[in-house]
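Everything on this sheet refers to the single structure shown next.
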């Protein structure tokens, strides 16, 4: 689990709760069913109108990317590729079949299979680059869902606030209903702004950064496999791939 992301999410919730208490209110005052329905369900409804089903499904499955540790680190991946090149020089490309059987990453498996099958270097590059671009586009569309949620939720918060004030204005003669209407107005605004700026927009930015890192790893895989197909020396391959490290 990625500790920084987990701490950030927990800290955002704590700040909101503690800030409410320090301002002289109560945590219970943050709960308002009407505001929740307007902001949360309203934002989700807007996403349903804008987003295709498969994109929304992909976006929901990407949440785990934020909180889990990356499967591959660039340094480890480069070391593995160099190891593959050494096996290929000693045993030939068919010697990589044992590596293919233990590989869990679909992109790497596809590249290794192309290499073992004796694909030409440029053919391997072409196939994998199309795969990389497609996967990146799909993932970026998923990250965009959270960015859009961060745009819609503050607006829904304003709508909730206006609706709360409408309730207040319609019941000025009944003081018992004024508090509920004003509470709904302010709480809806808090829901919308907090949801956007403490969760949705940071999640979108985080996912985009992770997608960039993932694409970089795939570029390393492509360059490494193409170099092996070309018969390059393992030390040359390692030196070339080191250029991807920050």
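The values are calculated or read from the model by the stated rules, or taken from the named source; none is laboratory data. Given the structure is predicted, the values throughout are model-derived calculations rather than measurements. Using ideal geometry, Cβ is built from the backbone for each residue, glycine included, and neighbour counts are taken over all protein chains shown.
Just a few scattered comments:
- The residues on offer are 147, 122, and the sole one that is modelled with pLDDT of 95 or more and either part of a helix (DSSP H, G or I) or buried (at least 18 other Cβ atoms within 10 Å of the Cβ) (or both) is 147.
- Subset tally (residues that are closer than 23 Å to residue 163 by Cβ and in a loop (DSSP other than H, G, I, E, B)) for the stretch 1-25: 1
- Exclusive hit being exposed (fewer than 15 other Cβ atoms within 10 Å of the Cβ), assigned by TED's automatic domain parsing to the domain that holds residue 207, touching a residue at least 40 places away in the same chain (Cβ under 8 Å) and more than 17 Å from the chain's Cα centre (by Cα), set 75, 101: 75
- Residues within the stretch 104-119 that are more than 29 Å from the chain's Cα centre (by Cα) and surrounded by fewer than 18 Cβ atoms within 10 Å (Cβ to Cβ), tallied: 3
- All positions within the stretch 92-119 that are farther than 11 Å from residue 225 by Cα and either in a loop (DSSP other than H, G, I, E, B) or in contact with a strand residue (DSSP E or B) (Cβ under 9 Å, 6 or more places away or on another chain) (or both): 92, 103, 104, 105, 117, 118
Okay, residues lined up against (1) touching a residue at least 60 places away in the same chain (Cβ under 8 Å); (2) in contact with a helix residue (DSSP H, G or I) (Cβ under 7 Å, 6 or more places away or on another chain):
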{"site": "21", "(1), (2)": "no, yes"}
{"site": "25", "(1), (2)": "no, no"}
{"site": "38", "(1), (2)": "yes, yes"}
{"site": "43", "(1), (2)": "yes, yes"}
{"site": "57", "(1), (2)": "no, no"}
